[in-house]
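As C-alpha cells, the structure follows; a few thoughts come after it.
The values are calculated or read from the model by the stated rules, or taken from the named source; none is laboratory data. Only a predicted model underlies this, so the values are computations on that prediction, with no experimental measurement involved. Cβ atoms come from the backbone with ideal geometry, glycine included; neighbour counts cover every protein chain shown. Each accessible area value is taken on the protein alone, full model and side chains, heavy atoms only, with ligands, DNA and RNA left out. Shrake-Rupley method; radii C 1.70, N 1.55, O 1.52, S 1.80 Å.
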Amino acid sequence: MAISKARIVVLPALVAGVAAFYCSSLPAAAEAQEPRSIRINQLGYLSDGPKRATLVHEENKPVAWRLVDGAGVEIASGTTLPMGLDRASGLKVHWIDFSKNAATGEGYRLDVEGEESFPFAISEHLYGGLRTDAMSYFYPFRSGLEIEGAIAGEGYGRPAGHAGVAPNKGDADVPCLDGETARKIFGTTRTCDYRLDVLGGWYDAGDFGKYVVNGGIAVAQLMGAYERSLHSGGKESGNVADSLLRIPEAGNGVPDILDEAKWELDFLVSMIVPDGEPLAGMVHHKVHGERWLPGPMRPSEDPEQRVLYPPSTAATLNVSAAAAQGARLFKPYDDAYAEKLLDIARRTYAAAEAHPDMIAPASDGQNGGGDYHDPEVSDEFYWAAAELYLTTGEAEWHDRLKASPHWNGRVFSSDGIDWRETAGWARLQLASVPSKLAKTELDMIRASVRAAAETYLAVQKGEGFALMYKPRQGYGWGSNHSVLENMIVAAIAYDISGKSYYLEGVRESMDYLLGRNAMGLSYVTGYGTDYAHNQFSLMFGHSIEPSLPPIPTGALSGGPNEQPADPVAEEKLKGCAPQACFIDDYWSYSTNEVAINWNAALSWVAAFLADTEISETAN
C-alpha cells in the first residue's frame, strides 16, 4: 500500500477507507524516546570518507567537542560549526567535523559537555552487510513460495502465500474485477472474462497487493545495482557474485541479484493480457484482494478473493522497460530466457503505442489496494525506449528517444525518481550503460546528470543534517526513498566523472538514514543502536501480534511525512516540523511502512557504497 509522495489527490478518502479496516481497534501509539543531542551515523564512518555529526544545541557560538575511543581515551577534539536554525527539523544545530581522524576501530563516541553520542565504528569496510541484508529483504516478501527459515532466518519460515491452499483463494486462477465494482471505479462495466495464473512476484509493501508499476521500477533498480557493478564496480565487485544473498537459488551459477529479479520479472510477464483477447499485449495494472484485511496475518491466511484490475498503459510500459533490461543481463546465463524477455519488451511497447491513454484511475482506496494512479505516461514511453535501445542498439528506439519530450527535457526534481516519475531513471541508464549513443548525445545526457547532482550537493550543504533532500512540496510519503533516489543521481555522477566529491556527498547523505537526523534514529532495521523496528507490514506484525516475526533486518522505513495520513500520526504528530513527522509505530503506515521500491533504492545505494568503500583518487 506504499503510496509515494503526497500528490495523491484522493489521499483523504483512501486513508479513511484503510483506517476503517486496519484501525477499528487501534492500540496506543508507541511513545518516542528523547533522542541524544549528538546525531551520528550509528553504523559508522569510512576511514577515508567524511566524518561529520550534527549537534542539537541552543548556543549560537562554537562549543567544544571530544572524540573518545572505546576505552574513553580522547583521540581528537575541536569546536563545532554553528549552523543556526534548521528549518526542516525545527532545531538549532551545529556540525561536528572529525574527518581528519582516519584511525579505525569500534566503540568511538563523540562527547559534548559530558553528553555522549551512541557508539560507532570507523572502518575501511562498512556497507557489505547492509548490501546483503537490503537485497535479501525481497526473499521473505516473495508470493507463491514457501519461505524457508533455514535461509531467511529463524522465525521467518512460512507457508507459501496465495498458493490456493485454504483459506487462500490463490493467485493461480485469478478473475478480473467484477462489472459492478468496475462501474463504480471506472464508470464502465467493461472488464474481461478470462482468468490468469499470476502466482509469484513480491508483495508490494505492508499489504499483500502486487502492483505492476511499483514492481517494475523496483526490479529495474535492483537489476540496476547489478548492472552498475558490471560497468563501474570492477571484476572484484561482490554485487555480481553468486551466493551473495539469502535465497534458495544461491550457488546455482547465476548472480543472486538476477535470481531475485527473475522472481519478479516472471510475475510481471504473467500479468500480460493473453493473445486473442481484445487488449492482447497490454498489462493488468495490479492484483489484490477485494477488501482490506483486518490486521496482521501471514499471507497464507488471507481469505479474500484476489482480482485482476484492468490493464494500463503505465503498467504495460513498466513491463516493456524491465523486460528489455532483463534481456541483456540474462543473456550470458540463459539465452532463451533473454530472447523471451526481449520479445515481450517489443510486444508490450507496441501494445502501449496502440493504447496510449489507458490510465489507471484515482479511486477511493476502499477496494483492498492502493490505486497507483499515473495520468502522465510520456516518461514511461521514454524509459521503455531507452532500455530497448540500450539492449538492441536499433535505430527505431533511438528515434523514439529523440522524439520524446524527455530527451533533453528536465527529468530530475527535488522529490527524486519514483514509480510515477521514471524519466530520471531512464536518463541515468542512458548516462551509465554502454551504448551506441553519439558522443555529443552522451555528453549532453551526462551533463544533465552532473547538473542535477550539483544541485543536490548544494542542497546538502545547507541542510542541518546534511541530506540531499529539500522537497518543494514538503516531506512526503516515503521521503527516505526520495533521499536515496537523489543519492543515486550523485552516485552515477561519480561513476561517469570520477570526481570524488560526488562520492563524498553520497556517503554523507547516508548518515541521515542511519541516525544523523531529527529523530536521532536509524531508519534501517538492525543498523545502529536505536533503529526503526515497528514498520507496518501485515506479515511482520510482531509488535502487535507476537506469533508473527518482526520486520527483517535491512528493511527501510518510509520516513517523515509532513502530511500524516493515518490515525496514529494524525493524533501524535500535530504541529511537527517536517523532518520530525515520524513515529516508529506499527499503525503509522503513512510514516513507517516498508515497500519493495524503497528497499530496491536502498539496495542500489548500499551496493554502490560497498563497491566504493576505498576510493582510489581524490579529484
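Where does the charge balance sit around residue 257 when Lys and Arg score +1, Asp and Glu -1, over other residues with C-beta under 11 Å from its C-beta?
With Lys, Arg at +1 and Asp, Glu at -1, the neighbours total -3.
Roll a 1.4 angstrom probe over the protein heavy atoms and tell me the percent of accessible area of the chain that is carbon or sulfur.
50
Calculate, axis by axis, the spread of Cα positions in the chain along the three principal axes, and write the results as whole Å, longest axis first.
Reported extents, whole Å, longest axis first: 74, 61, 44.
If you put +1 on each Lys and Arg Cβ and -1 on each Asp and Glu Cβ, how big is the dipole of the chain around its Cα centre, in Debye rounded to 20?
Computed about the Cα centre, the dipole is about 1220 debye.
So what are the three principal axis dimensions of the range 166-320 from its Cα atoms, in whole Å, longest to shortest?
The Cα atoms of the range 166-320 stretch 57, 35, 23 Å along their principal axes.
With everything on Cα atoms, drop me the angle between helix 439-462 and the longest principal axis of the chain, reported from 0 to 90° to the nearest 10.
50
About the Cα centre of the range 429-481, how large is the charge dipole given +1 on each Lys and Arg Cβ and -1 on each Asp and Glu Cβ? Please answer in debye to the nearest 20.
Computed charge dipole of the range 429-481: roughly 40 debye.
Please report the equivalent ellipsoid semi-axes of the range 222-291, computed as sqrt(5 x eigenvalue) of the Cα gyration tensor, largest first, in whole Å. Let's see the in-between values first.
Working: eigenvalues 210, 42, 24 Å².
Equivalent ellipsoid semi-axes, largest first: 32, 14, 11 Å.
Explain nothing, just the number: dipole magnitude of the range 538-618 about its Cα centre with +1 on each Lys and Arg Cβ and -1 on each Asp and Glu Cβ, in debye rounded to the nearest 20.
The calculated dipole for the range 538-618 is roughly 120 debye.
In cubic angstrom, how much convex hull volume per residue do the alpha carbon atoms of the range 185-262 span?
146
Taking Rh as the Kirkwood radius, which is the inverse of the mean 1/r over Cα pairs, what is the Rg/Rh value for the range 248-330?
We get a ratio of 1.06 for the range 248-330.
For residue 173, enumerate residues with amide H under 5 Å from its amide H, sequence gap 5+ or separate chain, H modeled in the peptide plane.
The answer is 198.
Mind listing the long-range amide H neighbours of residue 92? Cut-off is under 5 Å, sequence gap 5 or more, other chains count too, H placed in the peptide plane at 1.01 Å from N.
Amide H neighbours of residue 92, under 5 Å, 5+ apart: 57, 86.
Defining a contact as two alpha carbons under 8 Å apart and six or more residues distant in sequence, what relative contact order in percent does the chain show? Intermediate results must be reported in sequence, preceding the final value.
Values: 1392 pairs, mean separation 114.4, N = 619.
Dividing the mean separation by the residue count of the chain yields 18 percent.
Run lengths n ≥ 4 of DSSP H only: what is the helix-derived mean residue ellipticity at 222 nm for the chain, with -39500 (n - 2.57) per run over all residues, to the nearest 500? Before the final figure, lay out the partial values.
On the way: 17 runs with 220 residues, N = 619.
Value at 222 nm, helices only, nearest 500: -11500 deg cm²/dmol.
If you count only protein heavy atoms with a 1.4 Å probe, what accessible area per residue comes out for the chain, rounded to a whole Å²? Write down the numbers at each step before the final one.
Values: 21340 Å² over 619 residues.
Solvent-accessible surface per residue comes out at 34 Å².
When only DSSP loop residues count, what chymotrypsin sites (Phe, Trp or Tyr not before Pro) in the range 190-231 have their Cβ near at most 16 other Cβ atoms within 10 Å?
Filter output for the range 190-231: 194.
In whole angstrom, how far apart do the alpha carbon centroids of the range 354-409 and the range 444-477 sit?
Here the two parts' Cα centres lie 24 Å apart.
For the chain, with the dipole built from +1 on Lys and Arg beta-carbon atoms and -1 on Asp and Glu ones, taken about the Cα centre, which of 276, 327, 464 lies farthest toward the positive end?
It is 464.
If you consider only alpha-carbon coordinates, what radius of gyration and Dmax does the range 138-185 have, in Å?
In order Rg, Dmax, the Cα atoms of the range 138-185 give 15.2, 47 Å.
Per 5 Å bin, what percent of the C-alpha pairs of the range 322-462 does each bin hold, from zero upward?
Computed distribution, short to long bins: 2, 9, 16, 19, 18, 15, 11, 7, 3, 1, 0.
Determine which lysines satisfy two conditions relative to residue 436: a Cα distance under 30 Å, and not lying fewer than 8 residues away in the same chain.
The qualifying lysines are 235, 262, 331, 340, 402, 499.
Hey, how much of the P(r) for the range 506-619 falls beyond 20 Å, as a percent of Cα pairs? Walk me through the numbers on the way to the answer.
On the way: 2821 of 6441 pairs.
Distances greater than 20 Å cover 44 percent of the Cα pairs.
Give the whole-number value, in cubic angstrom per residue, of the convex hull volume spanned by the C-alpha atoms of the range 71-206.
So the per-residue Cα hull volume is 247 Å³.
Please turn the phi angles of the range 583-588 into ³J(HN,Hα) values with the Karplus equation 6.51 cos²θ - 1.76 cosθ + 1.60 (θ = phi - 60°), one per residue in order, whole Hz, x for glycine and proline.
Taking θ as phi minus 60°, the curve returns 9, 7, 10, 3, 7, 8 Hz for the range 583-588.
Sort 564-575, 382-393, 144-155 by the packing proxy (mean of other Cβ within 10 Å over each peptide's residues), most packed first. Can you show the working numbers first?
Working: 564-575: 19.3, 382-393: 25.4, 144-155: 15.6.
So the peptides 564-575, 382-393, 144-155, ranked by packing, come out 382-393, 564-575, 144-155.
Hey, which aspartates and glutamates would be in cross-link range of residue 572, C-alpha to C-alpha under 16 Å, not counting anything within fewer than 8 residues on its own chain?
31, 34, 562, 584, 585
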